[in-house]
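The values are calculated or read from the model by the stated rules, or taken from the named source; none is laboratory data. This structure is a prediction, so every number in the text was calculated from the model and none was measured. So basically every Cβ, Gly included, is an ideal-geometry build from the backbone, and we count neighbours across all protein chains shown.
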Amino acid sequence: MSDDPPQRLQPVDLRGVLHYVPQFRDQTFVIALDGSVVAHENFPNIVTDIAVLKSLAIRVILVHGIGKQLKRLAGETNTAISDAYGSGPTDEPTLKLAMRAAGEVGHLIDGRLQQNGLTSVEAGLARAVPVGLVGGIDHLQTGKLDKVDLDLLERLMGRDTVPVFGPVLFDRDGDSLRVNSDLLASELAVRLGASKLIYLTPHPGLIAGGEVHRNIPAEELDALLQKTEDGIDERLASKARHAHEALRRGVPRAHILDGRVDGCLLIEIFDKVGLGTMIHANDYQQIRSAKKRDLEALHGIIRNAARTEALRYRTRQSLEENLGHFFVYEVDGSLIGCVSLVPLDDSGVAELGAVLVQPFYQGKGVGKKLVEYSLKQAKERDYHKVIALSTQTSSFFTEVCGFTNGSVDELPPARRQAYDESGRNSRVLVKVLD
Ligand SMILES: CC(C)(COP(=O)(O)OP(=O)(O)OC[C@H]1O[C@@H](n2cnc3c(N)ncnc32)[C@H](O)[C@@H]1OP(=O)(O)O)[C@@H](O)C(=O)NCCC(=O)NCCS
């Protein structure tokens, strides 16, 4: 017997977690489990940790693989399978075994969720289409995600429910298709606007060139994959590629973790140091100066926001004339937010305005990034003060973006006159740049 005193819970552990609670509340995490992780003795701990995440009002979606179980069934039934992971062609015997394996793994997950007071929901939430010919090869009954019923999913994501997606989905005719779970998780994360995509694997993280990479910016991951792909386990490379794609399409973070380690999820999420590999988007990569081709979309989102009086309306013509002062936030080719930075006079004061994020993307940190980016730009242009005028969002500027309350006297004369004439009585918020 060990003489070591039992380890006590440290208050600082809970205080550290508390910091993340508001940040993650109502956020969606897509967690992908390899079949081998579901079969591992640590799996019950993972589900308990998922219950902890749920109790913190984090919306969790599970996706599971079946590679290990499928290979085992193939051995037991002496069946030659065409592909174990749903990335190559799936012939009829393989599909049959995949359906059995999916049933087995899904059942295991459901049972563990039940044990933790959670209910799983699946079936009918997503539909697949056949992949068809890839590189001249008919992929037979291998599919990819077609439609997902986001409305239904939203309604089902209650406090105690966890949507679970297996890697065999129906097509529109009700026939089954085998889907690669790495791809499915990545697609779901994008379509759900998830803030995290987490792959739980039987590896300590993304191992490339013999070392575990802990923290990789998305743009470096691409180079890493191309440079050392030979050295990366194919199952890990698949996750890294799909994580990269999710980040390119707007998911801010992806993680590759060791699902065999007790506490892997909670440590990665709540500990600053983390445990596996975190792949993160460059915070500003999606923010850029507005271009002529953005004019229609920009005018559209400003017009909509102006209807609620949250924002002052700008005509198409005035937008066109001032396009050079706008920055836009783009996700997957769509414009989801904007901000303008207009010099007020020659005294180094600029006005930050038209901060706007499309409703679906609100509350995910985009507005804050737009403001931070503009302040950085202002500094680079040698402005010493940035002023924002706000009717309904002053606490966003003061509490989130570090502005302080100022007075109308800080506005240069011409701007002061326009302010008085507008009759909006906006609050004046000020950020002095050091
Ligand atoms: C205001 C707005 C730009 C914020 O963008 P967003 O992407 O939703 O904000 P973020 O996700 O970056 O929010 C970060 C923080 O701001 C807070 N916040 C968001 N909107 C807020 C508002 N209207 N008032 C006060 N605080 C707000 C959030 O609660 C969050 O706080 P937390 O970090 O403590 O949880 C966005 O809600 C919007 O477009 N609103 C409509 C247009 C508008 O009012 N523009 C301002 C014109 S001056």
task = Please state which one of 326, 360, 403, 396 is of a type outside the set (S, T, N, Q) and over 23 Å from residue 301 (Cα atoms).
result = 403
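Of the residues in the stretch 149-193, how many are of a type in the set (Gly, Ala, Ser) and within 18 Å of the chain's Cα centre (by Cα)? Write out each step before concluding.
The initial filter retains those residues of the stretch 149-193 that are of a type in the set (Gly, Ala, Ser), namely 158, 166, 174, 176, 181, 185-186, 189, 193.
Imposing the further condition that a residue be within 18 Å of the chain's Cα centre (by Cα) reduces the set to 181, 185-186, 189, 193.
The total comes to 5.
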ask   = Of the residues 190, 162, 105, which is of a type in the set (A, V, I, L, M) and over 26 Å from residue 270 (Cβ atoms)?
value = 105
note = In the stretch 205-223, anything crowded, with 18+ Cβ neighbours inside 10 Å and modelled with pLDDT under 85 is listed as none
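Regarding residue 360, is this residue more than 9 Å from the ligand (Cβ to nearest atom) and touching a Ser or Thr at 6+ places or on another chain (Cβ under 6 Å)?
Numbers: more than 9 Å from the ligand (Cβ to nearest atom): yes; touching a Ser or Thr at 6+ places or on another chain (Cβ under 6 Å): no.
It is false that residue 360 is more than 9 Å from the ligand (Cβ to nearest atom) and touching a Ser or Thr at 6+ places or on another chain (Cβ under 6 Å).
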ask   = Is it the case that the stretch 256-279 has a residue that's free of Cβ contacts under 8 Å to residues at least 12 places away in the same chain and part of a helix (DSSP H, G or I)?
value = yes
ask   = Within the bounds of the stretch 280-292, is there any residue that is part of a loop (DSSP other than H, G, I, E, B), of a type outside the set (Asp, Glu), within 16 Å of the ligand (Cβ to nearest atom) and within 30 Å of residue 37 (Cα to Cα)?
value = yes
task = Might you check whether a residue that is touching a helix residue (DSSP H, G or I) at 6+ places or on another chain (Cβ under 8 Å), under 25 Å from residue 36 (Cα atoms) and small (Gly, Ala, Ser) occurs anywhere in the stretch 139-146?
result = no
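Condition check ((1) aliphatic (A, V, I, L, M); (2) under 22 Å from residue 121 (Cα atoms); (3) touching a residue at least 60 places away in the same chain (Cβ under 8 Å); (4) touching a strand residue (DSSP E or B) at 6+ places or on another chain (Cβ under 6 Å)) across all residues:
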{"site": "16", "(1), (2), (3), (4)": "no, no, yes, no"}
{"site": "21", "(1), (2), (3), (4)": "yes, no, no, no"}
{"site": "26", "(1), (2), (3), (4)": "no, yes, yes, no"}
{"site": "29", "(1), (2), (3), (4)": "no, yes, yes, yes"}
{"site": "37", "(1), (2), (3), (4)": "yes, yes, yes, yes"}
{"site": "40", "(1), (2), (3), (4)": "no, no, yes, no"}
{"site": "59", "(1), (2), (3), (4)": "no, yes, yes, yes"}
{"site": "63", "(1), (2), (3), (4)": "yes, yes, yes, yes"}
key: Matching entry among 398, 404, 393 (being in contact (Cβ under 8 Å) with a residue 40 or more places away in the chain and either within 40 Å of the chain's Cα centre (by Cα) or more than 14 Å from the ligand (Cβ to nearest atom) (or both))   = 393
ask   = When residues of the stretch 373-408 are filtered for being part of a helix (DSSP H, G or I) and surrounded by fewer than 17 Cβ atoms within 10 Å (Cβ to Cβ), how many remain?
value = 7
query = Would you say residue 349 is within 16 Å of the ligand (Cβ to nearest atom), in the same structural domain as residue 411 (by TED's automatic domain parsing), of a type in the set (Val, Ile, Thr) and buried (at least 19 other Cβ atoms within 10 Å of the Cβ)?
reply = no
query = Conditions: (1) within 15 Å of the ligand (Cβ to nearest atom); (2) exposed (fewer than 14 other Cβ atoms within 10 Å of the Cβ); (3) at negative phi. Residue 317 meets all but one. Number of the miss?
reply = (1)
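Given 190, 179, which one is of a type in the set (Val, Ile, Thr) and over 23 Å from residue 90 (Cβ atoms)? Full working, then the answer.
Details: 179 fails: over 23 Å from residue 90 (Cβ atoms).
Going through 190, 179 in turn, just one is of a type in the set (Val, Ile, Thr) and over 23 Å from residue 90 (Cβ atoms): 190.
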inquiry  = I'd like the full set of residues that are assigned to a helix (DSSP H, G or I) and farther than 18 Å from residue 354 by Cα, limited to the stretch 417-433.
reply    = 417, 420, 421
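Working carefully through the options 354, 310, 305, find the one that is within 9 Å of the ligand (Cβ to nearest atom), in a helix (DSSP H, G or I) and within 31 Å of the chain's Cα centre (by Cα). Full working, then the answer.
Numbers: 354 fails: in a helix (DSSP H, G or I); 310 fails: in a helix (DSSP H, G or I).
Sole residue among the options that is within 9 Å of the ligand (Cβ to nearest atom), in a helix (DSSP H, G or I) and within 31 Å of the chain's Cα centre (by Cα): 305.
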query = Of all residues in the stretch 180-202, which are in a loop (DSSP other than H, G, I, E, B) and of a type in the set (Ser, Thr, Tyr)?
reply = 195
query = Can you tell me which of 158, 132 is free of Cβ contacts under 8 Å to residues at least 40 places away in the same chain and either touching a strand residue (DSSP E or B) at 6+ places or on another chain (Cβ under 8 Å) or outside the structural domain of residue 238 (by TED's automatic domain parsing) (or both)?
reply = 132
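Let me confirm something: among 336, 269, which residue is under 20 Å from the mean Cα position of the chain (by Cα) and not assigned by TED's automatic domain parsing to the domain that holds residue 214?
Values: 269 fails: not assigned by TED's automatic domain parsing to the domain that holds residue 214.
Residue meeting the stated conditions: 336.
What do you reckon, is residue 140 without any contact (Cβ under 8 Å) to a residue 60 or more places away in the chain, over 27 Å from residue 196 (Cβ atoms), among the hydrophobic types (A, V, I, L, M, F, W, C) and touching a strand residue (DSSP E or B) at 6+ places or on another chain (Cβ under 7 Å)?
Working: without any contact (Cβ under 8 Å) to a residue 60 or more places away in the chain: yes; over 27 Å from residue 196 (Cβ atoms): yes; among the hydrophobic types (A, V, I, L, M, F, W, C): yes; touching a strand residue (DSSP E or B) at 6+ places or on another chain (Cβ under 7 Å): yes.
Yes; evaluated as a whole, the condition is true for this residue.
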